[in-house]
Structures are given as C-alpha cells and as structure tokens.
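To start, the structure itself, in structure tokens.
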Amino acid sequence: MSERSFHRSIGVFSGTAINMTQMCGIGPFITIPLMVAAMGGPQAIVGWIVGALLAMADGLVWAELGAAMPGSGGTYVYLRRAFQARTGKLMPFLFIWTMLLAIPLLMSTGIIGMVEYLQFFFPGMGWWTTHIVGVLATALVTWMLYRRIESVRVITIALWVIMLVSIIGVAAAGFSHFDAHRAFDFAPDAFGPRFFTGLGAGLIIGVYDYLGYNTTAYIGDELRDPGRTMPRSIIISITAMMVVYLLLNISVLGVAPWQEIAQSKSVASLVVERSWGHAAAAVMTTLIIVTALASVFTGLLGGSRVPFEAARDKVFLSTFGRLHAKHGFPHIALLTMGVVTAIGTFFDLTDVINMLLTATILVQSIAQVVALVVLRRREPGMPRPYRQWLYPLPCIIALVGWVYVYISASTLSLMLSGVWIVAGLIVFAVWARVNAAWPFAPLETPHPAAGEP
C-alpha cells in the first residue's frame, strides 16, 4: 500500500454522521432570526425546504463526481480533471484562491455567533467590545492550532454530542410551551409578491445552513464502496437536517412572536429562558458558545490544509506549501486564514454569509455542474459507480438555483467577491508566468491524480 493510500472504513452511517456534524454546528442558532426576518414571518419554513431542494440537486452533482473520482480533495480534483485540457491549472488555482476567503469567512460566522450568545451574559457589550472579543477569540483558536495536532477525534465527538444536546434542548423547550397560533401567524399577504423577494434572501441563509452535505466527497479515499456510500450519505444527511431545521424553526416560533424572533441575537437563549427559566438558558447558552468555538477550531484545522495540499501539488502559491520548522504543520495557511477570519468578524453576519457564498458559487458550485457535463461528454467511458438520477434535471435545478442565489446576494458581497476573483486571476497570471505554466507555456497532458481512475 502506498503512503497516500487510506483505509476505506467509512460506511453510510458514519458518513452521514460526518456530513451532519459539519452541516449543523452553531448555524441554526444564529440564522433562524435572519431567515424569519428575510421571509417576513412563519413562512420562513419555506426557505428551509427550498434550501434543501437546492442542496439536494447540488448534492447529486457532488455524488456523481465524488463517486467517479473518490480521492481526497473534492472540488480541487474534479475541476483539475474537467478543465485542465483547456485552461491548465487556472480553475483549481481559482478554487483554492477563493477558499482562502470562503473558509475563513465561514469561521467568522462561528465567531460572530459566539459573541452574540456571549451577550446573554454581558448584555452591555458595545461595538468595540464586541469586535475586540471576536478578534481575541480568533487569536485564541489560531494559537491553539499553532502546534502539531495528530488527532481531533475527541473534539469532533464532543462537538457532535454538544450539538445534539443543544438542538434537542432548544426544540424541547420550544414545544413544552408551544402556541400553534403564534407559530403559524401568517400575515394576509405572506405569500404575495414580496414573498419571492424574501425567498432570495432566505435561500442564501438556507443554503448556508446546509453547507457541509458534501464533506464525504473530501474524504473519498476513506469511504467504503464510494458509489453507494457517497450519494446515500449526502441524500440522507440533507433530508435529516431539513427535518431538524423545520422542527427547530417551528418550535422557536411557537414561543415568541415572529417579530421578536426576527430581532433576537441569541434566539436559543430566548426560547429556553421563556420556557424553563434563566438557569436553564445559561446552561444552553454555554453549550452553544462551546459549540461555536469547537466548530471554528475544527474548521480552521481542516481548512488550513486545503491550500497546503494544492501548493504541494504545484497548482498554487508555493509559500502555502511550507511546514512549520519545529511542529510540522502548514503555518502560513493557518495564519493567513486566521487573519481573514478576524477581519470577517467586523462585518454583519448577513454580509459575511453573502460574501462566502458569492465567492464560491462561480468557481465551485456552478463550475462543478459544468464539470459534470463536460466529463460526461468528453469521457463517457469513465467508471461511474453512481450516475446522477434523472440527469440532467438535477444539474439544471442546481444551476438555476445557484444563479438565483448569486443574483439575490447583497451588492457589497457581489462587489467584494468579484474583486477577490479578479485579484485571483491577476495572481494566477503572475504565478503562471514565474512557473512557466499555461498560458505562458503549452498545456500539460491531463492525467488522473492519486485516487482517481
């Protein structure tokens, strides 16, 4: 067995658990108010359902690509295989470039959520205090990671348990004092013309909460029977989390008026306090704060390895391929992502979610749909243990959905993410010139990477 080989031990159950752990985290505890505000009432439940449909269509794109190329790397592997014959290393380079922004911004949402829940204990926190705490929390997590870490199994298991306890606790608190009239207090024009405007903003929130359904695609080397495990883990995890989000949303709306929910900065604390008192709310709030920190810890740990692996494969800036001289971890990537995470905490939560999605939609989500179609036509003989159901319908739904999400994003996020991608193109041109790569040299003959057929 080569040193790059992995033991294929992850089945459908464990793969689904891995996906669901990444999908949840602190997400619903900070986005339920955003979803209710965006949709303008209890019709927020539609946002979770439509978000699940888009995630499912996109998940089937991941399933076919991941099952056909079950190596570690996910999008990086698929884009290299599909586009290398025409554009060399441009697409994988741009993907890694956007990950330098998107992964830290995703971590920023965890820090922002943690600070919002801290205000349950310290309600007098001002603007400066809030952001100083966010920066200090980011620095703490980066410092904790600035060492050799062989395993995060204990942290992952703890995160999973705390997440389950938090979700079950909040939902139980909501349903123990549930008022159906309040939970389904739809306005007369709830589904009028303004509904579709709200749906665009709500879909952005919904998609953010489902992020993580593709986690098994990044560990394809370790899946048992990838053609069966990958699609099932994706489909089951999306369906299960949709049910969880719907139950959580309905239970929350049954405790307080939706107008109050929409304004809440710590909705889980609000629900538990109204139902079971201040002491129970304090315990739940503490668990959610721990969940937020743990999710940022594991996210930065894994995220810092993405540009490192690409640099080692000579498709990204060589600086990111350096290991710490003493502890042997990718310190340049970690510090870069830590700084971007800290900067992200100064933005509004909604803006951060908008930016991380717009940064990835073009060079990951839409690019993967195109990659699947390109590979179907160019390499019809490629072994495909799983072929997308009802092809090309899921591709069309995913493409239309991602375009709708993109054009529904805020102007600020479109501008900043656009600047980031243009900057990536400029950096790629300089990098390609220095390394004598396309377009300054002939295209290399495409070849499968490790783990690909």
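The values are calculated or read from the model by the stated rules, or taken from the named source; none is laboratory data. Everything numeric here is computed off the predicted structure, so don't read it as measured data. Because the Cβ atoms are built from the backbone with ideal geometry, glycine has one as well, and the counts that use them run over all protein chains shown. These accessible areas exclude ligands, DNA and RNA; they are computed on the full protein's heavy atoms, side chains included. Shrake-Rupley method; radii C 1.70, N 1.55, O 1.52, S 1.80 Å.
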In cubic angstrom per residue, the convex hull of the range 264-383 built on its Cα atoms measures 197 Å³
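Counting only C-alpha contacts under 8 Å and six or more residues apart, can you give the relative contact order of the range 318-453 as a whole percent?
On the way: 56 pairs, mean separation 35.0, N = 136.
Here the relative contact order equals 26 percent.
Hey, what did the range 51-116 get for relative contact order, percent, Cα under 8 Å, at least 6 apart? Can you show the working numbers first?
On the way: 21 pairs, mean separation 11.6, N = 66.
Relative CO of the range 51-116 lands at 18 percent.
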Please give the FRET efficiency for Ala325 paired with Val434, using the beta carbon to beta carbon distance and R0 = 25 Å, rounded to the nearest 0.05. 0.55
Apply the Debye scattering formula to the chain, with a single equal point scatterer on each alpha-carbon and no solvent, then give log10 I(q)/I(0) at q = 0.12, 0.13, 0.14 Å⁻¹. -1.04, -1.22, -1.42
Dipole check, the chain, charges on Cβ (K,R +1; D,E -1), about Cα centroid: among Leu416, Ile250, Thr87 the Cα furthest to the positive pole belongs to Thr87
The farthest towards the positive end of the charge dipole of the chain, of the residues Cys395, Leu287, Val207, given +1 on Cβ of Lys and Arg and -1 on Cβ of Asp and Glu, is Cys395
Ignoring ligands, DNA and RNA, what percent of the accessible area of the chain is carbon or sulfur (1.4 Å)? 68 percent
Using a basic spin-label model with each label point 7 Å from the Cα along Cα→Cβ, how many nm lie between Leu412 and Leu164? 3.9 nm
Euclidean distance between Cα centres, the range 175-211 to the range 89-132, Å: 25 Å
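Could you state the accessible area per residue of the range 306-453 in Å², with a 1.4 Å probe and every protein chain left in place? Let's see the in-between values first.
Details: 7350 Å² over 148 residues.
Spelled out: the 1.4 Å probe surface of the range 306-453, per residue, equals 50 Å².
Is there a quick way to get the dipole size of the range 152-301? I mean about its Cα centre, with the Cβ of Lys and Arg at +1 and of Asp and Glu at -1; what is the value in debye to the nearest 20?
With only Lys, Arg, Asp and Glu charged at Cβ, the dipole is about 180 debye.
With a cut-off of 8 Å between alpha carbons and a minimum separation of six or more residues, what is the relative contact order of the chain in percent? Each step should come with its number before you reach the end.
Numbers: 714 pairs, mean separation 163.6, N = 453.
Reported as a whole number, the value is 36 percent.
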Could you tell me which of Gly40, Leu65, Val12 has its Cα farthest along the dipole of the range 1-95 towards the positive end, charges placed at Cβ (Lys, Arg +1; Asp, Glu -1), taken about the Cα centre? Leu65
Can you work out ³J(HN,Hα) from phi for every residue in the range 203-218, in order, using Karplus 6.51 cos²θ - 1.76 cosθ + 1.60 and θ = phi - 60°, giving whole Hz and x for Gly and Pro? 5, 4, 5, x, 4, 4, 6, 8, 4, x, 5, 9, 4, 5, 5, 8
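For Glu260 and Val370, FRET efficiency with R0 = 45 Å and r from the beta-carbon atoms, rounded to 0.05? Could you put the intermediate results ahead of the total?
Values: r = 44 Å, r/R0 = 0.98.
Efficiency, rounded to the nearest 0.05: 0.55.
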Could I have the simple spin-label model distance between Thr239 and Leu393, label points 7 Å from Cα toward Cβ, reported in nm to one decimal? 1.6 nm
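With charges only on Cβ, +1 for K and R and -1 for D and E, what is the dipole size of the chain about its Cα centre, in debye, rounded to 20? Please list the in-between numbers first.
On the way: 27 positive and 21 negative charges, 268 e Å.
Using only the charged Cβ atoms, the result is roughly 1280 debye.
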Taking Lys314 as the anchor, which lysines have their alpha carbon closer than 30 Å to its alpha carbon, excluding any fewer than eight residues away along the same chain? Lys89, Lys326
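About the Cα centre of the range 182-235, what is the dipole size in debye to 20, counting +1 per Lys and Arg Cβ and -1 per Asp and Glu Cβ, all else neutral? Intermediate values should be presented prior to the final figure.
Values: 5 positive and 6 negative charges, 24 e Å.
Magnitude of the dipole: close to 120 debye.
Counting only other residues whose beta carbon sits under 13 Å from that of Ala280, what net charge do I get with K and R as +1, D and E as -1?
Values: positive: Arg274; negative: Glu273.
So the environment of Ala280 carries a net charge of 0.
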